[in-house]
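Contents: one structure, followed by commentary.
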Amino acid sequence: MSGRRIHVIGSYPAPTAEEAMRELLERAGPHLAYLPDGETGERRDWIVHIIEGLRDHPDLAVRREGGWTAYDDQLNYKVRRGHRLSGDDLDFGHTAAYAAARPVFEALRAEHGRPGLTFQVGIPGDLDMAMFTLGPTGPFTHRHPFTEAAVQEIGRIHEQAGPEVVFQLEVPAEQVFVAMAPGPLRRAVARWAGGGVAALARRAPEGARFGVHLCLGDLAHKALARTRDASPLVVLANAVARAWPAGRPLEYVHAPLAAGDEPPSLDPSFYAPLSGLRLPVGTRFVAGLLHEGRTTDELRGVLAAVERAVGHPVDVAAACGYGRRSREDALRTLEQGVALCAG
């Protein structure tokens, strides 16, 4: 065994949480440290169902309709004149989803003899929720209610589960901002974005366990941004790590090395900036390189280039959740991960 692990970002194309978790354990179980519930049904498109569910919110009005077919076809709201948006009035459903899936997780964990397996709960970043709900100005005008809502959900789940859950902070907007920033401004943008990610963890209960999923977007399996090399990923990962609070373990950082339906580059120079990663001792790096558009042999070359740059073995994942892939493509990428972990 290589010592590598497979990381599943969150969503998986199965009808139910039980079927998703069972299939992941049966196909990749020995290589999994964390198990999400598959974010099945309406949750397969990340936060689309949450935003659609705000149509009747008393403090919001539709500003722009959208069908979610592309990044320029999104539903956006505005805060009603004379109203105040509050985190106490925002429920994104993660607490209920966790409570529903936890008994299934417990049964499957026992069935597969994996007492150390940890339940993984995805939490969208507050900046991301504000931006995708309210449009580009949302993070600058109404971020606070989304911060409060995220912190409350983390607190409620942690109260129930304690250290038996890892919270995955999911932050595509932050990574896209850094990727699109002009070179001279990139580090400053990363400090701002990374500081915001770390601030969510700082407000969480002490002892809460975390991972960070950097992302370039995957709406309709298309990325919102692309990068010429891995340097924007490194800059943001390092900024998150520098700002990370004590007492809340940062167990992994995942970085997308593919971009939606675009597979990872075969050029080793793309991955050379990964030599600049500076993660805390004990924080694992997860290389988001699994992709249905590459063969397993091609990915072995990509993984070798990544590990040469990083200087040690890394974990493997897709660039984002499997939910926007067909079942066949999801299985193919999962099998790629098993092959890479086997050595």
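Applying the selection to the stretch 254-285, what residues are in contact with a Lys or Arg (Cβ under 8 Å, 6 or more places away or on another chain) and within 22 Å of Gly122 (Cβ to Cβ)? Hits for the stretch 254-285 are Ala259, Gly260, Asp261, Arg284. Taking every residue in the stretch 154-181 that is within 21 Å of Leu127 (Cα to Cα) and modelled with pLDDT of 95 or more and pairing it with any residue that is assigned to a strand (DSSP E or B) and of a type in the set (Ser, Thr, Tyr), at least 6 positions away or on another chain, the pairs with Cβ-Cβ distances below 7 Å are Val166/Tyr34; Val166/Thr118.
Within the stretch 64-90, work out how many residues are surrounded by 14 or more Cβ atoms within 10 Å (Cβ to Cβ) and either part of a loop (DSSP other than H, G, I, E, B) or β-branched (Val, Ile, Thr) (or both). Final tally of qualifying residues: 8. Scanning the stretch 313-343 for residues that are in a helix (DSSP H, G or I), in contact with a Lys or Arg (Cβ under 6 Å, 6 or more places away or on another chain) and modelled with pLDDT of 95 or more yields Leu334, Cys341. Taken over the stretch 1-40, the residue count meeting the criterion of being modelled with pLDDT of 95 or more, over 19 Å from Val166 (Cβ atoms) and of a type outside the set (Ser, Thr, Tyr) is 9.
Filtering the stretch 201-246 to residues that are more than 19 Å from Val286 (Cβ to Cβ) and within 15 Å of the chain's Cα centre (by Cα) leaves Leu219, His221, Leu224. Taken together, Ala246, Ala188, Ala241, Ala193 contain a single residue that is surrounded by fewer than 24 Cβ atoms within 10 Å (Cβ to Cβ), aliphatic (A, V, I, L, M) and in contact (Cβ under 8 Å) with a residue 40 or more places away in the chain, which is Ala241. Considering the stretch 20-43, the residues that are more than 23 Å from Ala339 (Cβ to Cβ) and out of contact with any Phe, Trp or Tyr (no Cβ under 8 Å at 6 or more places or on another chain) include one that is surrounded by the fewest Cβ atoms within 10 Å (Cβ to Cβ), namely Glu42. When the stretch 266-281 is filtered for residues that are crowded, with 20+ Cβ neighbours inside 10 Å and part of a loop (DSSP other than H, G, I, E, B), only Leu277 remains.
For the stretch 247-265, a residue qualifies if it is within 17 Å of the chain's Cα centre (by Cα), under 22 Å from Pro313 (Cβ atoms) and in a loop (DSSP other than H, G, I, E, B), and the qualifying residues are Pro249, Leu257, Ala258. Restricting to the stretch 258-307, name every residue that is touching a helix residue (DSSP H, G or I) at 6+ places or on another chain (Cβ under 6 Å), among the small types (Gly, Ala, Ser) and more than 17 Å from Val338 (Cα to Cα). Ala272, Ser275, Gly276, Ala305, listed by residue number. For Ala61, state whether it is modelled with pLDDT of 95 or more and either crowded, with 20+ Cβ neighbours inside 10 Å or touching a His at 6+ places or on another chain (Cβ under 8 Å) (or both). Against the criterion (modelled with pLDDT of 95 or more and either crowded, with 20+ Cβ neighbours inside 10 Å or touching a His at 6+ places or on another chain (Cβ under 8 Å) (or both)), Ala61 does not qualify.
The values are calculated or read from the model by the stated rules, or taken from the named source; none is laboratory data. All figures in this text were calculated on a predicted structure; none of them were measured in a lab. Every residue, glycine as well, gets a Cβ built from its backbone with ideal geometry; the counts of neighbours run over all protein chains shown.
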